[in-house]
Amino acid sequence: MYKNHKFLVQVLAGPVLFALTYFVCKNFCDTKQACALATCMWMGIWWVLRPVDIAVTALLPILLNSFLDMVPMNGIISRYFSEIVILLLGSDLISITWESSKLDQRLALRSLCLIGASLKQQIFVWLAASTVLSIFLPNVVTVQILIPVSIAMLKFLGEKDITASKVAVPILLAIVWGAGIGGFGSPLGGAANLVAIGYIENLTGKEFMYGDWVIRFVPLLAVVMLLNFFFLIRIKTPISQLPGSSEYFKKMYGELGQIRKSEIIGFTLFFAAMLLSFLRPFYMQALPLMKPAYVFFFFGMLTFVLKDENDKPMLPWKLAEKKLGWGMMFLFAGGLALGKLVTDTGAAKIIAEKITLLPLTGDVVTFLVFGVFATILTEISSNTAAAAIAIPVVLSTCQQLNVNPIPYLLSCIVAVNCAYVLPVSIRAIGCNHGLDPAHLLRYGLPLSVTGVAVISLLCYFAMKFWPLFNSL
């Protein structure tokens, strides 16, 4: 039936690992908990080997729960169109208008016009542009915008073979690494953040305001970005100057012409949605149900009504149907569903009990253990899946240790947005455009190790000396 034996092995790896995990876990937990942990392993190995699309793997909780009855099915199904999925839908609708009107290119090229001839300046601007854009746009979109532009620039400057170009290495790494870390700069930076918000709101029993997120995470993001920059400029290149690059971007920007009505509308919709999300405390009593998810959904729906400069809808449904990130939504929802299985069966508590066997006291070593755990999960799967698995384990472990979970939860959010080594997720896009996976391993591994240590130290000192890091 299957001519490709490698594919067959990859497919069977999931159920085989499920069975092995189940029989091992049955020795120290009940049937439902063992099934939940086995589900984690099945989904994890398929997310790594990818015999099917990662979005398809994200649907496994529905299928497996229907057979195994681990938790009530309504709790699983509801995760696939949760409030945060609606937020993703609304923001995605607006983002599509940015792409169709080329507003995303205009913003990117405008910032890149500031580049000087120095390669260090090049690296910094590419890193900064990627980081900042991914704060507001999905990191996949950011990489898809910047990678083609960077390659076009390099070829214009004489680097014809991107795969063999040593100059291209730090620039391409700056883009894929920047898009990854920029995700934790705002709640909208990635689905993993929205997973975290769900757990935070369940923990605190109140709505988590977007402004509170930015205050706590932007200082950490600045440090992490500088750490990335330090590692990038240490990569050896044959030249230190790229003359003519700024002129190239100015030429490309000029070709876009005057800003159009569709670009203005697209920017206005996103800015208005973002502004109202941060101003939520001022109108929440008058409109208690108008949370950021529904704010973005409202402005997203306006894209079907408003007309562009050609008197056509800003977003025709056929384009929306084609461009919407259905896979991203399923991946996010699947992560939530997996988290539901792990939490409600008590499997997270079992893992936490095993972790607490380590000599953990809530000090910097505890941050380090959580950081390593979250980073490894992110490297082998995706940050959304990693957040769905790691966050409930961190919360359960903190309960076992009888410590305030907030600072450890915040550090976990940073960790799941910092992956540098394996050619998966957005890093796979860079590899598809000529970035050698060996460079990811060579330069990403020391950065990953250093990053976990720095993040752990930062969060430990923030817990000790910054009151905002201990409460929400």
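Identify the single condition in (1) on the phi > 0 side of the Ramachandran plot; (2) surrounded by 15 or more Cβ atoms within 10 Å (Cβ to Cβ); (3) not hydrophobic (A, V, I, L, M, F, W, C) that R260 does not satisfy, given that it satisfies every other one.
Checking R260 against (1) on the phi > 0 side of the Ramachandran plot; (2) surrounded by 15 or more Cβ atoms within 10 Å (Cβ to Cβ); (3) not hydrophobic (A, V, I, L, M, F, W, C), the one that fails is (1).
Looking only at the stretch 160-214, filter to residues that are modelled with pLDDT of 85 or more and β-branched (V, I, T); which one of those is nearest to P238 (Cα to Cα)?
V169
Can you find, within the stretch 223-236, the residue that is modelled with the lowest pLDDT among those that are open to solvent by 40 Å² or more (accessible area, probe 1.4 Å) and either more than 17 Å from R442 (Cβ to Cβ) or not aliphatic (A, V, I, L, M) (or both)? Before the answer, list the steps.
First, the residues of the stretch 223-236 that are open to solvent by 40 Å² or more (accessible area, probe 1.4 Å): 223, 226, 229-231, 233-234, 236.
In the following step, the residues that additionally are either more than 17 Å from R442 (Cβ to Cβ) or not aliphatic (A, V, I, L, M) (or both) were identified as 223, 226, 229-231, 234, 236.
Details: V223: 92, L226: 94, F229: 94, F230: 93, F231: 92, R234: 90, K236: 86.
Ranking the qualifying residues of the stretch 223-236, first place goes to K236.
Go through the stretch 155-188 and count every residue that is out of contact with any His (no Cβ under 8 Å at 6 or more places or on another chain), under 12 Å from L435 (Cβ atoms) and in a helix (DSSP H, G or I).
7
Quick check on the stretch 3-22: of everything there that is more than 17 Å from I351 (Cα to Cα) and polar (S, T, N, Q), which residue is least open to solvent (accessible area, probe 1.4 Å)?
Q10
Could we say that W98 is within 30 Å of T303 (Cα to Cα), of a type in the set (F, W, Y), crowded, with 22+ Cβ neighbours inside 10 Å and modelled with pLDDT under 90 here? Give the steps one after another, and end with the answer.
On the way: within 30 Å of T303 (Cα to Cα): yes; of a type in the set (F, W, Y): yes; crowded, with 22+ Cβ neighbours inside 10 Å: yes; modelled with pLDDT under 90: yes.
Criteria met by W98.
Can you name the helices (runs of 4 or more DSSP H) wholly within the stretch 301-382 that have at least 1 residues being crowded, with 19+ Cβ neighbours inside 10 Å and charged (D, E, K, R)? Steps first, please.
On the way: elements: 317-323, 326-344, 347-355, 364-380.
Here the list reads 326-344, 347-355, 364-380.
Go through the residues of the stretch 23-45 one by one and say whether even a single one is modelled with pLDDT under 80 and open to solvent by less than 40 Å² (accessible area, probe 1.4 Å). Reasoning before the result, please.
Just the residues of the stretch 23-45 that are modelled with pLDDT under 80, to begin with: 44.
Next, only the ones that are open to solvent by less than 40 Å² (accessible area, probe 1.4 Å) stay: 44.
Checked against the condition, which is being modelled with pLDDT under 80 and open to solvent by less than 40 Å² (accessible area, probe 1.4 Å), the stretch 23-45 yields at least one hit.
Could you pull out the residue among L279, L220 that is under 30 Å from the mean Cα position of the chain (by Cα), surrounded by 13 or more Cβ atoms within 10 Å (Cβ to Cβ), farther than 30 Å from I151 by Cβ and without any contact (Cβ under 8 Å) to a residue 12 or more places away in the chain?
Numbers: L220 fails: without any contact (Cβ under 8 Å) to a residue 12 or more places away in the chain.
From the options L279, L220, the qualifying one is L279.
Going by the structure shown, is T345 farther than 26 Å from P187 by Cα and either in contact with a Ser or Thr (Cβ under 8 Å, 6 or more places away or on another chain) or of a type in the set (S, T, Y) (or both)?
Numbers: farther than 26 Å from P187 by Cα: yes; either in contact with a Ser or Thr (Cβ under 8 Å, 6 or more places away or on another chain) or of a type in the set (S, T, Y) (or both): yes.
For T345, the condition - farther than 26 Å from P187 by Cα and either in contact with a Ser or Thr (Cβ under 8 Å, 6 or more places away or on another chain) or of a type in the set (S, T, Y) (or both) - is met.
Yes or no: A13 closer than 13 Å to L341 by Cα and in contact (Cβ under 8 Å) with a residue 12 or more places away in the chain? If you could, list the steps in order and put the result at the bottom.
Numbers: closer than 13 Å to L341 by Cα: no; in contact (Cβ under 8 Å) with a residue 12 or more places away in the chain: yes.
For A13, the condition - closer than 13 Å to L341 by Cα and in contact (Cβ under 8 Å) with a residue 12 or more places away in the chain - is not met.
Could we say that L107 is buried (at least 20 other Cβ atoms within 10 Å of the Cβ) and hydrophobic (A, V, I, L, M, F, W, C) here? Walk me through it before giving the result.
Working: buried (at least 20 other Cβ atoms within 10 Å of the Cβ): no; hydrophobic (A, V, I, L, M, F, W, C): yes.
Taking the combined requirement at face value, the residue does not satisfy it.
Pick from Q285, Q241: which is in contact with a helix residue (DSSP H, G or I) (Cβ under 8 Å, 6 or more places away or on another chain), at pLDDT below 85 and surrounded by fewer than 15 Cβ atoms within 10 Å (Cβ to Cβ)? Reasoning before the result, please.
On the way: Q285 fails: in contact with a helix residue (DSSP H, G or I) (Cβ under 8 Å, 6 or more places away or on another chain).
Just a single option satisfies the conditions, and that option is Q241.
Going through L368, L422, L377 one at a time, which residue ends up being under 30 Å from A174 (Cα atoms) and modelled with pLDDT of 85 or more? Can you show your working first?
Working: L422 fails: modelled with pLDDT of 85 or more; L377 fails: modelled with pLDDT of 85 or more.
On inspection, the qualifying residue turns out to be L368.
D69 versus (1) surrounded by 13 or more Cβ atoms within 10 Å (Cβ to Cβ); (2) closer than 25 Å to Y199 by Cβ: which is the lone unmet condition?
Of (1) surrounded by 13 or more Cβ atoms within 10 Å (Cβ to Cβ); (2) closer than 25 Å to Y199 by Cβ, only one is false for D69: (1).
Please identify the pairs in which a residue from the stretch 73-88 that is within 12 Å of L331 (Cα to Cα) and at pLDDT 80 or above has its Cβ atom under 8 Å from the Cβ atom of a residue that is open to solvent by 60 Å² or more (accessible area, probe 1.4 Å) and among the aromatic types (F, W, Y), counting only partners at least 6 apart or on another chain.
Once the first residue is within 12 Å of L331 (Cα to Cα) and at pLDDT 80 or above and sits in the stretch 73-88, its partners that are open to solvent by 60 Å² or more (accessible area, probe 1.4 Å) and among the aromatic types (F, W, Y) give Y80/F330.
What is the one condition in (1) open to solvent by 60 Å² or more (accessible area, probe 1.4 Å); (2) within 30 Å of T303 (Cα to Cα) that N404 does not satisfy?
Among (1) open to solvent by 60 Å² or more (accessible area, probe 1.4 Å); (2) within 30 Å of T303 (Cα to Cα), the lone unmet condition for N404 is (2).
The values are calculated or read from the model by the stated rules, or taken from the named source; none is laboratory data. What you see is a predicted model; the values in this text were computed from it and never measured. Cβ atoms come from the backbone with ideal geometry, glycine included; neighbour counts cover every protein chain shown. For accessibility, only protein heavy atoms count, side chains too; no ligands or nucleic acids. Shrake-Rupley method; radii C 1.70, N 1.55, O 1.52, S 1.80 Å.
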